[in-house]
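Quick notes on the structure that follows.
The values are calculated or read from the model by the stated rules, or taken from the named source; none is laboratory data. Everything quoted here is computed from the prediction, not taken from an experiment. Cβ placement follows ideal geometry from the backbone for every residue including glycine, while neighbour counts extend to all protein chains displayed. These area figures cover heavy atoms from the full protein model, side chains too; ligands, DNA and RNA do not enter into them. Shrake-Rupley method; radii C 1.70, N 1.55, O 1.52, S 1.80 Å.
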Protein chains: 2
Amino acid sequence: MRLRPGFAIVPLLGILIFASPTYSQKNAELALMPMPAHVAQGEGRFLIDGSFGVGLDGTNDPVVVSAMRRFLATLTRETGIPFAGGVNASQPSFTISTTGAVKPVLQLGEDESYHLVVTATHVQLTAANPLGALHGLQTFLQLVRITPEGFGVPVVTIDDEPRFPWRGLMIDAGRHFIPVPVIERNLDGLEAVKLNVFHWHLSEDQGFRVESKLFPELTGKGSGGLFYTQKQVAEVIEYARERGIRVVPEFDMPCHTTSWLVGYPQLGSAAGPYQIVTKWGIFDGAMDPTRETTYQFLDKFLGEMTGLFPDTYFHIGGDECDGKEWDANPRIKAYMSAHGLKDDAALQAYFTGRLQKLVAGHHKIMEGWDEVLQPDTPRDVVIQSWRGQTSLALAAKQGNRGLLSTGYYIDLNQPASQHYLVDPLSGDGALLTPAQRARVLGGEATMWSEFVTPENIDSRIWPRTAAIAERLWSPQEVRDVDSMYRRLAVVSQQLEFHGLEHKHFAELMLERMSGVEDPQYLKVLAAVVQPPEGYKRGQLKDYQSFTPLNRLIDAVPPESDLGRRFNELAKLIVQGKATPEQWQLARDWLVLWRDNDAKLQPLLGQSELMEELVPLSQNLSKTAEIGLGALDDLSDHRVTEAGALQQKTAWLKDAEKPQAVLLDMVVPPVELLVQAAGSH
Amino acid sequence: MRLRPGFAIVPLLGILIFASPTYSQKNAELALMPMPAHVAQGEGRFLIDGSFGVGLDGTNDPVVVSAMRRFLATLTRETGIPFAGGVNASQPSFTISTTGAVKPVLQLGEDESYHLVVTATHVQLTAANPLGALHGLQTFLQLVRITPEGFGVPVVTIDDEPRFPWRGLMIDAGRHFIPVPVIERNLDGLEAVKLNVFHWHLSEDQGFRVESKLFPELTGKGSGGLFYTQKQVAEVIEYARERGIRVVPEFDMPCHTTSWLVGYPQLGSAAGPYQIVTKWGIFDGAMDPTRETTYQFLDKFLGEMTGLFPDTYFHIGGDECDGKEWDANPRIKAYMSAHGLKDDAALQAYFTGRLQKLVAGHHKIMEGWDEVLQPDTPRDVVIQSWRGQTSLALAAKQGNRGLLSTGYYIDLNQPASQHYLVDPLSGDGALLTPAQRARVLGGEATMWSEFVTPENIDSRIWPRTAAIAERLWSPQEVRDVDSMYRRLAVVSQQLEFHGLEHKHFAELMLERMSGVEDPQYLKVLAAVVQPPEGYKRGQLKDYQSFTPLNRLIDAVPPESDLGRRFNELAKLIVQGKATPEQWQLARDWLVLWRDNDAKLQPLLGQSELMEELVPLSQNLSKTAEIGLGALDDLSDHRVTEAGALQQKTAWLKDAEKPQAVLLDMVVPPVELLVQAAGSH
């Protein structure tokens, strides 16, 4: 028998791989996220086996019953144990005591507290309101671990309640349409980390995403066929309600409205006709604030949409008006001067004021991005701050309530630590009076979707959003970044058992772009690169709404865990605090990276999607080689010669730049090592 | 800054890992499965980019339109390219020409042929019947590969049609309930490999799984709450129809019926009361064939169920009657002697004859397991052969049509090659006349569910069922096992893009049982073990229907790919045909396995689910050590000393036995090496 060439057994790869740190429960810190307000650990643990059953003491509100069923289903996924007894067990090992019913429409500021007592033999979850019970169930699920005795939860008493009442995630379904199943699995994620608002950004220049029966051309001409039916919207709202999550819709006006104007050009400020926008950026299309017909249209539209979305709050957007269509329209200019509207901002303020009355007429409280804040903005309007923390403080001082999104822009590829340390009550917020502080409702992570698809949106949202969830739920003093990262790794893994695909689909994308099952050398590269922060990506390459997002930059997480860990290691070495094992580890990693390029290059040539990685892979190799040299110098107490130092420094400076729109995250720690080796 | 102990960077693992073979398209063989009847490859390739669009020439039957949409969605998952144009593109690069409409109820033996012509600039798919078009779309999807020019399909002309008209998969939803989403994703898998029958085994001693409005206690008392509503059944049937798949229901009678008797003990042959069975095996509960009320019940029941399941064929089971309840009931014994029914087989034949008339009265053709075949069985009854190929030939000779399941029992953990080489027309079938052969309709893989759950059922069905699909579709002479395994690996990866979880969930199960993300040392062990074949598992340990199936045996595939590949390598070495690289590869693998135990043991102690793996891991290490010794002897041309040989042989013989109900698949190839080293 002869093995055929196409199936020759590929030589074993003598590569080093990196294991994740094991999260030991011996560690006093429990891997909970968000960290509860009060935790008191005891001795021993509660074990979970097939006899585990949940019982209700008090309400049997359908939401609670449904939550118990979902809890058992998730617990089965976390353990592989089928629970024959199901809910309402006759001798429950887990008792939920709560009263009342979940309101048909969830309200801002409901009691979300809970009290969870785990003993070696029983679990008692108590909550004044079923919403608290939902949170307590998620806390329990986060505590489940395999142990030498089986799956168990440590003995613990937890008293918990949120710091802020408004803790949200915004998903932009306008730029890239995000189908219902993807929305729903992300709602499962929100529930898991105790977020309670899903802000659904539903219209953009690139697409109008909700069926309107009154104005069918909104989707007929403005969606490219990609939109939610009203039935789907109702299903999502109920799905969210069952998970204790409010759904706040946003229809962005008067700008970011090109998709509306394709079907209804009479709303626009220019002559039209309009086309759906297929690029990213800020566009001129804007509603005409000077025509009464605009408000007549919007009143009817709001009547329909406020009926569809039951939440008390209604987001009208209001951001990023460039005013160009207004400036170019003599009729609008004439109107402005006749009505004393001195500039575009004043015109928008006029529009917003009119809109606010319409929204109020439909018994909703208006919310808008911080541009809508004016001195005379009605006091009940909620301001979502995105251009800085100052506007949030300004709103609070002025008597308006607000929430923070500045610092929580998860589309910008910033590390979890950066989001984590942004506090709604820091900066200008720290100077507010108690009454003003009370107007700061919380915050929202914002998933703008220029560069996300249904495939990779999970990996942009998770796990980083869990860190933001902790900021908004946990006491302000919970802010140890190392602890956060330790716990985040555990939560990230658990979220896969809630059905999220952030890790799984990244693997599939690597297989797809390489055409190889489990492409190890590609994974070595993928583990240490990340996209540049901020808006750089769109500046480096031309992207449109139908540009395939199927390259390495789209597969890798926004933050390289391994890059961060190697950076910590380099710091220890430079500070003279590294153990011999840590020195060896640094060396092993650098050897892995140095030698990877030679093995990866043949693969890169086989795929049009990977050709761009050729210089990136070469650079990683060179970076690692320089790092190894620096390690040698440091361990031999040899000061790098000045010329060589300068040369290496210059090369590394250059290697900091993105290639294939990706950063080599080994460069900064190697720069640390090289500098240290040059200055001993 | 100090790294905390719980997060100390774990030392890099200096382990070797094994890359999968890359499947090169330079290979003349296309990775299609089932292999088409006629393939003619040309030069060059058709490239797929965002402008790709599909158009229809001829029918616009809803099933074809829906198939085009699904085709584009799958193509997007396979490539990451969004196709703006969607279906009915104005200038299609892919044209489907077909006529007619898909029948409301699919019929056995419809024309499934298709003709696919791929040129560098256009694709033409032609089929007389839309069902053929569905198959052609799947062939195209299997051809898509990443290339240096982008995603493409090689220039090729394919003429294809199935060898057998009945190509099925049976899923047993009785023993473990399998929820609708799992059924549906497996239907996607059937479509991908051109299987056209979903045989839905719906009742068992352990559960009755379909809502009956006439007899609500069938599920009320016989399902433990786990059953399909009639609405869900209708949805599954339509889902299958859209994929060209018939749905044949099975209600197993008169035995395997305990779950019916829990709610309706008057049907039973013993006094009752009955309880749902929670063990595996053959049980005594049986319908009473001697009472007219039994047939009155069944006539009504069949009236309801034949209305729900539109397929022409209706499976009544008929297998494995132990007759104990009949023998123990004097009234039944008296009836038998009064009616000249000489034994239990005759009584069952009497029952089956009565049942057949009822089924026919509801305008269905009866199907049954081979026990139902009697000399006077009506000619239209279809026999499903499971106890050997002989009964299939016997049925054909007698004038009955039949299909083969002997050899396709995918619950028995046999290698794909074994299933693959079983031919419905081999053995006794080879001796049939052409007219008799025409009565052999095809075959069915059978997924009995004692040891499968919704979590791991995909990994039991896939990819092996694709090999069976090829046997039933492709020309009889397509039977090269090496080729099959090469193509199977590619199809297996592609099935993940159809939504199947056979690889993904196995990974999650390893993480779950270890509590560690990406547990590399556990994976090294997992890659070379497999469950024992046949029914051994149930004999080695006591299993019940609620026993958690969350251990290594439940996570690993039924066949170890690496074990098989190492065995091939050992053969080459023994035959003196191995290259120096192959010698080195064998050595590297053995070193990996030898050294793995020391690293894995600490992990095993942390989990109750893994403690049982301690000896298995130790044995792998010892096996590998012996293998390395044999390699040394072979390469040094040294004959192993007789005493040592005997000792090693005895140890290996012992190591062949399962541990933790798992086989160490490195043992057989090491035995080869040891024997060779002892007999030079």
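Residues satisfying the criterion are present in region B:405-414 (criterion: touching a helix residue (DSSP H, G or I) at 6+ places or on another chain (Cβ under 8 Å) and assigned to a helix (DSSP H, G or I)).
Mind checking whether some residue in region A:641-660 is more than 24 Å from residue A:556 (Cβ to Cβ), crowded, with 21+ Cβ neighbours inside 10 Å, more than 36 Å from the chain's Cα centre (by Cα) and of a type in the set (S, T, N, Q)? Talk me through it step by step, then tell me what you get.
At the first step, the residues of region A:641-660 found to be more than 24 Å from residue A:556 (Cβ to Cβ) are A:641-650.
From what is left, the residues that are crowded, with 21+ Cβ neighbours inside 10 Å are A:648.
Those still in the list that are more than 36 Å from the chain's Cα centre (by Cα) too: A:648.
Of the ones still in play, those that are also of a type in the set (S, T, N, Q) are none.
No, region A:641-660 contains no residue that is more than 24 Å from residue A:556 (Cβ to Cβ), crowded, with 21+ Cβ neighbours inside 10 Å, more than 36 Å from the chain's Cα centre (by Cα) and of a type in the set (S, T, N, Q).
Scanning region A:569-607 for residues that are buried (at least 18 other Cβ atoms within 10 Å of the Cβ), within 11 Å of another protein chain (Cβ to nearest Cβ) and without any contact (Cβ under 8 Å) to a residue 40 or more places away in the chain turns up A:572, A:578, A:582, A:585, A:604.
If you go through region B:104-131, how many residues are of a type in the set (Asp, Glu) and surrounded by 22 or more Cβ atoms within 10 Å (Cβ to Cβ)? Talk me through it step by step, then tell me what you get.
Here is the first cut: in region B:104-131, the residues of a type in the set (Asp, Glu) are B:110-112.
Remaining after also requiring surrounded by 22 or more Cβ atoms within 10 Å (Cβ to Cβ): B:112.
Here the count works out to 1.
Residues in region B:608-636 that are away from every other protein chain (no Cβ under 14 Å) and farther than 17 Å from residue B:524 by Cβ: B:626, B:629, B:630, B:631, B:632, B:633, B:634, B:635, B:636. Filtering region B:133-150 to residues that are under 30 Å from the mean Cα position of the chain (by Cα) and within 8 Å of chain A (Cβ to nearest Cβ) leaves B:145, B:146. Taking first residues from region A:473-488 that are within 14 Å of another protein chain (Cβ to nearest Cβ) and partners that are outside any loop (DSSP other than H, G, I, E, B) and open to solvent by 50 Å² or more (accessible area, probe 1.4 Å), the Cβ contacts under 9 Å between residues at least 6 apart in sequence or on separate chains come to A:485/A:561.
Condition check for residue A:498 on (1) touching a helix residue (DSSP H, G or I) at 6+ places or on another chain (Cβ under 8 Å); (2) within 11 Å of chain B (Cβ to nearest Cβ); (3) within 26 Å of residue B:503 (Cβ to Cβ): one failure, at (2). Would you say residue B:87 is modelled with pLDDT under 90, more than 8 Å from chain A (Cβ to nearest Cβ) and closer than 26 Å to residue B:242 by Cα? Considered against the rule, which asks whether it is modelled with pLDDT under 90, more than 8 Å from chain A (Cβ to nearest Cβ) and closer than 26 Å to residue B:242 by Cα, residue B:87 comes out as yes.
Open to solvent by less than 20 Å² (accessible area, probe 1.4 Å), closer than 18 Å to residue A:677 by Cβ and under 32 Å from the mean Cα position of the chain (by Cα): does that describe residue A:630? Show your work before the answer.
Details: open to solvent by less than 20 Å² (accessible area, probe 1.4 Å): yes; closer than 18 Å to residue A:677 by Cβ: yes; under 32 Å from the mean Cα position of the chain (by Cα): no.
Judged against the criteria, residue A:630 is not a match.
Screening residue A:629 with (1) outside any helix (DSSP H, G or I); (2) at pLDDT 95 or above; (3) out of contact with any helix residue (DSSP H, G or I) (no Cβ under 7 Å at 6 or more places or on another chain) gives one miss only, at (1).
Restricted to region A:151-173, and to residues there that are within 16 Å of residue A:444 (Cβ to Cβ) and outside any strand (DSSP E or B), the residue that is farthest from the other protein chains (Cβ to nearest Cβ) is A:165. For region B:546-561, residues that are within 12 Å of chain A (Cβ to nearest Cβ), open to solvent by 10 Å² or more (accessible area, probe 1.4 Å) and over 19 Å from residue B:178 (Cβ atoms) total 2. The set of residues in region B:467-489 being open to solvent by 30 Å² or more (accessible area, probe 1.4 Å) and part of a helix (DSSP H, G or I) consists of B:481, B:482, B:489. When residue B:542 is tested against (1) within 29 Å of residue B:429 (Cα to Cα); (2) away from every other protein chain (no Cβ under 13 Å); (3) among the acidic types (Asp, Glu), only condition (1) is not met.
Under 20 Å from the mean Cα position of the chain (by Cα), within 21 Å of residue A:351 (Cα to Cα) and of a type in the set (S, T, N, Q): does that describe residue A:203? First the steps, then the outcome.
Working: under 20 Å from the mean Cα position of the chain (by Cα): yes; within 21 Å of residue A:351 (Cα to Cα): yes; of a type in the set (S, T, N, Q): yes.
Spelling it out, residue A:203 is indeed under 20 Å from the mean Cα position of the chain (by Cα), within 21 Å of residue A:351 (Cα to Cα) and of a type in the set (S, T, N, Q).
When region A:513-527 is filtered for residues that are part of a helix (DSSP H, G or I), without any contact (Cβ under 8 Å) to a residue 40 or more places away in the chain and either touching a strand residue (DSSP E or B) at 6+ places or on another chain (Cβ under 8 Å) or not small (Gly, Ala, Ser) (or both), only A:523 remains.
Scan A:78, A:112 and give me the residue that is part of a loop (DSSP other than H, G, I, E, B), touching a helix residue (DSSP H, G or I) at 6+ places or on another chain (Cβ under 7 Å) and farther than 18 Å from residue A:57 by Cβ.
On the way: A:78 fails: part of a loop (DSSP other than H, G, I, E, B).
When all the criteria are applied, what remains is A:112.
From the residues in region A:637-656 that are outside any helix (DSSP H, G or I) and at pLDDT below 95, which one is farthest from residue A:573 (Cα to Cα)?
Step one: of region A:637-656, the residues outside any helix (DSSP H, G or I) are A:637-641, A:656.
Still in the list and also at pLDDT below 95: A:637-641.
On the way: A:637: 13, A:638: 15, A:639: 15, A:640: 16, A:641: 20 Å.
Looking at the filtered set, the residue picked out is A:641.
If the condition is being part of a loop (DSSP other than H, G, I, E, B) and either open to solvent by less than 10 Å² (accessible area, probe 1.4 Å) or not small (Gly, Ala, Ser) (or both), then region B:438-466 contributes B:439, B:448, B:449, B:450, B:451, B:452, B:453, B:454, B:455, B:456, B:462, B:463. From the list B:155, B:144, B:180, the lone residue that is farther than 28 Å from residue A:605 by Cα and at pLDDT 95 or above is B:180. For region B:66-93, the tally of residues that are basic (Lys, Arg) and over 22 Å from residue B:145 (Cβ atoms) stands at 1.
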